[in-house]
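The values are calculated or read from the model by the stated rules, or taken from the named source; none is laboratory data. Here the structure is a predicted model, which is why all the values come from computation and not from measurement. Cβ atoms come from the backbone with ideal geometry, glycine included; neighbour counts cover every protein chain shown. Calculation scope for accessible area: heavy atoms of the full protein, side chains included, ligands and nucleic acids excluded. Shrake-Rupley method; radii C 1.70, N 1.55, O 1.52, S 1.80 Å.
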Amino acid sequence: MELVLLTALGVGGATVFGAVIGFIFKKITHKISDIALSFAAGIMLAASVIGLILPSLEYGGKYGIIITIAGIFAGAFCLNLMDKLIPHMHTMLGVDNEHYNNSNIDKVMLFILAIAIHNLPEGIAAGVGFGSENTSKALFIAVGIALQNIPEGMIIIGPMLGAGVSPRRTFVCALATGVVEVIGTFIGYFAVSLAEIILPFALAFAGGTMLYVISDEMLVETHHDGNQRGATYALLVGFCIMLISEAFLGG
């Protein structure tokens, strides 16, 4: 349980650590932002496939392929539904509407909320890994999530400050996205601990949510402003870093 707690704080704290870096380097260029986000996508891609989907097949037994596919699509459909329910929240930030464009603030907040939403299944993924009692695989997932949370934390700071959100509120928003991940870790851990029979589906569900985020949000964001070449190689670097991690931690 202590390891789960430390992991939860670690994956959530990585976002805050990235946010601190973001405050230090407020003027991160769009190109660097795309590369950093694509690097995170590569890490997520490897973590979802190696750490979640393949183990789901392994634990699923005779009907593993059916359970895994069902879990992947269930996770994607769940996030798709959550995307449709995201409200416009610029009024919650206390931004001076006379000086800043509400539509720009809405876009920034939608991006922040998207990160918070997909941080929940990421946390669940880390918790599910520990619920499987395969500590090495769980650490592999947790390391991957923490690594990709750092650039995510970095890139949310500039847009929020630029949209007129105060530094204090910006940091609170970044902190909140990390707290969501901590909560998700405990949800995943206790859910699997209480009902181990759901483990294959839960692993695939978490993997499906991560694949959805990669395709629907991260790749789209990094490949429409002329930075796709650098973003593609950044994704490959992130993926390969996770392969190296798997060699040492995956077991």
- Task: Look through region 213-251, keep the residues that are surrounded by 19 or more Cβ atoms within 10 Å (Cβ to Cβ) and touching a His at 6+ places or on another chain (Cβ under 8 Å), and return whichever of them is nearest to Met82 (Cα to Cα).
- Result: Val213
- Does Val165 satisfy being modelled with pLDDT of 70 or more and in a loop (DSSP other than H, G, I, E, B)? yes
- Can you tell me which residue within region 1-22, out of those that are over 13 Å from Val143 (Cα atoms) and modelled with pLDDT of 85 or more, is most open to solvent (accessible area, probe 1.4 Å)? Phe17
- Message: If the requirement is being closer than 27 Å to Ile69 by Cα and at pLDDT 75 or above, which of these qualifies: Leu175, Leu211?
- Response: Leu211
- Query: If you scan region 215-251, which residues turn out to be among the aromatic types (Phe, Trp, Tyr) and farther than 18 Å from Val49 by Cα?
  - Reply: Tyr233
- Message: Quick check on my filter: what residues within region 214-230 are more than 21 Å from the chain's Cα centre (by Cα) and either on the phi > 0 side of the Ramachandran plot or among the aliphatic types (A, V, I, L, M) (or both)?
- Response: Gly226
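Residue by residue through region 159-175, note down the ones that are out of contact with any Ser or Thr (no Cβ under 9 Å at 6 or more places or on another chain) and crowded, with 18+ Cβ neighbours inside 10 Å. Full working, then the answer.
So the first thing to find is which residues in region 159-175 are out of contact with any Ser or Thr (no Cβ under 9 Å at 6 or more places or on another chain), and the list is 162-173.
Result: Ala163, Gly164, Val165, Thr170, Phe171, Cys173.
Restricting attention to region 177-198, does a residue exist that is outside any helix (DSSP H, G or I), open to solvent by less than 30 Å² (accessible area, probe 1.4 Å) and of a type in the set (A, V, I, L, M, F, W, C)?
Of region 177-198, the ones outside any helix (DSSP H, G or I) are 195.
Remaining after also requiring open to solvent by less than 30 Å² (accessible area, probe 1.4 Å): none.
Within region 177-198, none of the residues are outside any helix (DSSP H, G or I), open to solvent by less than 30 Å² (accessible area, probe 1.4 Å) and of a type in the set (A, V, I, L, M, F, W, C).
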- Task: State which residue pairs qualify: first residue more than 14 Å from Asn119 (Cβ to Cβ) and inside region 36-48, second residue among the hydroxyl-bearing types (Ser, Thr, Tyr) and open to solvent by less than 10 Å² (accessible area, probe 1.4 Å) in any location, beta carbons under 6 Å apart, and separation of 6 or more residues or different chains.
- Result: Leu37/Thr222; Ser38/Thr222
- Message: Given (1) over 13 Å from the mean Cα position of the chain (by Cα); (2) over 27 Å from Phe130 (Cα atoms), identify the lone condition not met by Val237.
- Response: (2)
- Query: Which pairs do you get when a residue that is more than 11 Å from Ala41 (Cα to Cα) and of a type in the set (Val, Ile, Thr), found in region 200-227, comes within reach of a residue that is modelled with pLDDT of 85 or more and open to solvent by 40 Å² or more (accessible area, probe 1.4 Å), reach meaning Cβ atoms under 6 angstrom, with the pair 6+ apart or on two chains?
  - Reply: none
